[in-house]
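The structure appears right after this line, and notes come after that.
The values are calculated or read from the model by the stated rules, or taken from the named source; none is laboratory data. Source: prediction; values computed, not measured. Cβ coordinates were reconstructed from backbone atoms using ideal geometry, including for glycine residues, and neighbour counts include every protein chain displayed.
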Amino acid sequence: MVSFSFVDNSLSEIYNRYVTRWIDDIRAAGAIPIIASHIATNGWSGESDNHAQYFGARGLYVWYARKTAKATGSTFVNHNYATKILYEELGYEKVQAFYPPGGRSAFCCLETS
């Protein structure tokens, strides 16, 4: 599974070139490549609003991953959308426990109980 967290507009060609090369190497080794997007950020329109931002800062990253998966015929797993749905179900207060105080993107601790 390949996941990136550093891509920006200036690096889209580098992202595509490296991921495509890795996918070729993965297939040559007899494995099945899977490209995964990032999880949703801790982005809310208000401190008690139950609508997580989906296409905030990471929307472009999801697009890069989806585009590369399609171009290479690889499986794409959209963790961004899945965590957005989870965040909306849990609500603002419960989601804050996954992040350090004031954090937007450092997913740190998920309790399953």
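Can you list residue pairs whose Cβ atoms sit under 6 Å apart, with the first residue in the stretch 86-97 being within 13 Å of Thr41 (Cα to Cα) and the second being surrounded by fewer than 16 Cβ atoms within 10 Å (Cβ to Cβ) and at pLDDT 85 or above? Count only pairs 6 or more apart in sequence or on different chains.
Between residues of the stretch 86-97 that are within 13 Å of Thr41 (Cα to Cα) and residues that are surrounded by fewer than 16 Cβ atoms within 10 Å (Cβ to Cβ) and at pLDDT 85 or above, there is no close pair.
How many residues are in contact with a strand residue (DSSP E or B) (Cβ under 8 Å, 6 or more places away or on another chain), surrounded by fewer than 16 Cβ atoms within 10 Å (Cβ to Cβ) and either modelled with pLDDT under 90 or assigned to a strand (DSSP E or B) (or both) when one looks only at the stretch 30-49?
Of the residues in the stretch 30-49, 1 are in contact with a strand residue (DSSP E or B) (Cβ under 8 Å, 6 or more places away or on another chain), surrounded by fewer than 16 Cβ atoms within 10 Å (Cβ to Cβ) and either modelled with pLDDT under 90 or assigned to a strand (DSSP E or B) (or both).
Name the residues in the stretch 63-78 that are closer than 14 Å to Ser12 by Cα and among the charged types (D, E, K, R), would you?
Scanning the stretch 63-78 gives Arg66, Lys67.
Looking at Thr20 and the list (1) among the polar types (S, T, N, Q); (2) at pLDDT 70 or above; (3) buried (at least 18 other Cβ atoms within 10 Å of the Cβ), which single condition is not satisfied?
(3)
Could you please find all residues in the stretch 69-103 being over 14 Å from the mean Cα position of the chain (by Cα) and in a helix (DSSP H, G or I)?
Lys70, Ala71, Thr72, Glu88, Glu89, Leu90, Tyr92, Glu93, Lys94, Val95, Gln96, listed by residue number.
Checking Gly56 against (1) in a helix (DSSP H, G or I); (2) surrounded by 14 or more Cβ atoms within 10 Å (Cβ to Cβ); (3) at pLDDT below 65, which test does it fail?
The one condition Gly56 does not meet is (1).
Considering only residues that are crowded, with 19+ Cβ neighbours inside 10 Å and modelled with pLDDT of 90 or more, which ones fall in the stretch 73-88?
Passing the criteria: only Ser74.
Arg27 is checked against (1) surrounded by fewer than 14 Cβ atoms within 10 Å (Cβ to Cβ); (2) modelled with pLDDT of 85 or more; (3) among the basic types (Lys, Arg) and fails just one. What number does that condition carry?
Here Arg27 meets the rest and fails (1).
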